[in-house]
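Heads up, the thing below is written out as C-alpha cells.
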Amino acid sequence: RVRTACESACDGLEKRWLLEKRGIFGPPGTPGTVQQMRHLNRLLTWDRHGITWESDPRHVDLILADLGVTSCKVTTPLVKEKAQEAEVDDIYLEGDDVQRFQSLAMRLNYIAQDRTDLQRAVRELAKGMAKPTQRHWEMLKRVARYLKYAPRAVQRFTYQDRIDKLETYVDSDHAGCVRTRKSTSGAVLMLGKSQLRSVCRGQAVIALRSGEAEYYGLVTGMSESIGEQSIAMDWGIKPPIVIYMDATAGAAI
C-alpha cells in the first residue's frame, strides 16, 4: 500500500516537475523498497536495528586532499585561543587563498550539519568568511587533521518501544571568545536513544558571569525543545520536555 501511494504521488508530481526516482526507502523485507540510498549528499541505510544517517564521506576526502593532510596529530577539532594570541595583529589572507579558505570552510559547514563534534570549530571558521586571516587558516588545518583522526560519524536511529519525553542537554562556554568576551550556547536534543538535533549558537550579549551564560544556554535549549515539541504535536503526540544542565546558578536564575 505504501508503494502504491508513493507511485501515485510521483505520477501526479511528474506532470508539473522533472523528477528523478531513486527508489522507495523502506525497512528490510518490504517489497519494492531499497535499504540504502544517497540523498542530499547523505548516506541512508535501513537495517533490522533501525536507520543510520551519515554525511557523505567524500567531502572529508576532498578536504584532506586539498590540504595535503596525510597524518593525524590531534584528537580535538578546536583549541581555545589564548589572550596573548588575541593581542597579536592578524595577517589577512590574499589572492586565491581567500577563495580556497571560503570553499573549504563552507564544505565543513555542510558536513557539520550532521556532525555535532564539528559545530563549535566550524562556527569559529565562519567568523572569518568575510576577511579570513592566517589564524583562521591554522584553525582550518587543525579541523582537517582532526578529520583524518575521525573521518566518519554515523548517527543511528534505533527502534524504540516507547518514548516518554524529549530530553535536552545544555551547556555554555563562558567568555569562550577572548576577543569579544562573548559566550557560546550548546544543546543536544534527544528523543529516547535518538538525537534529533544539536545546536551551537553564539550568545548575543556579554554574560558577566558563568551563571548568567548558563542561563542563556538554558533558554536556547528550551526554545529549541519547544520547537521540536511543536513538530511532534503535528504527529499527534506531545512529549514533555526535560532539560539537563550542570550549573545550579543558571538553573536558579
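The values are calculated or read from the model by the stated rules, or taken from the named source; none is laboratory data. Please read all numbers here as calculations on a predicted model, not as lab measurements. Positions of Cβ are backbone-derived with ideal geometry, glycine not excepted, and every protein chain shown enters the neighbour counts. Surface accessibility is based on the protein's heavy atoms, side chains included, excluding ligands, DNA and RNA. Shrake-Rupley method; radii C 1.70, N 1.55, O 1.52, S 1.80 Å.
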**OP:** Measure nothing but the geometry: give the 0 to 90° angle between the long axis through the Cα atoms of 210-234 and the longest principal axis through the Cα atoms of the chain, rounded to 10°.
**Re:** 10 degrees
**OP:** Provide the per residue accessible area, probe 1.4 Å, for region 64-112, rounded to a whole number of square angstrom.
**Re:** 69 Å²
Subject >> With DNA, RNA and ligands ignored, accessible area of F25 (1.4 Å probe; Å², nearest 10) >> reply: 60 Å²
Original post:
Can you give the angle from 0 to 90° between the axis of helix 58-67 and the longest principal axis of the chain, with both taken from C-alpha atoms, to the nearest 10?
Top reply: 30 degrees
Original post:
So how much slack lies between A126 and L64, counting 0.36 nm per residue of separation and subtracting their Cα-Cα distance, in nm?
Top reply: 20.4 nm
Subject >> Listed residues E224, E167, E20, most fluctuating in the chain (Gaussian network, C-alpha, under 10 Å) >> reply: E20
Original post:
Got a number for carbon plus sulfur as a percent of the chain's accessible area, 1.4 Å probe?
Top reply: 54 percent
Subject >> D173 - accessible surface, heavy atoms, 1.4 Å probe, Å² rounded to 10 >> reply: 50 Å²
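What FRET efficiency, computed as 1/(1 + (r/R0)^6) with R0 = 35 Å and r the Cβ-Cβ distance, is obtained for I243 and Q155, rounded to the nearest 0.05?
Values: r = 22 Å, r/R0 = 0.62.
Calculated transfer efficiency: 0.95.
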Original post:
Within the chain, what percent of beta bridges assigned by DSSP are antiparallel, to the nearest 5?
Top reply: 85 percent
Subject >> Helix-only [θ]222 nm of the chain, DSSP H runs n ≥ 4, -39500 (n - 2.57) each, per residue, nearest 500 >> reply: -12000 deg cm²/dmol
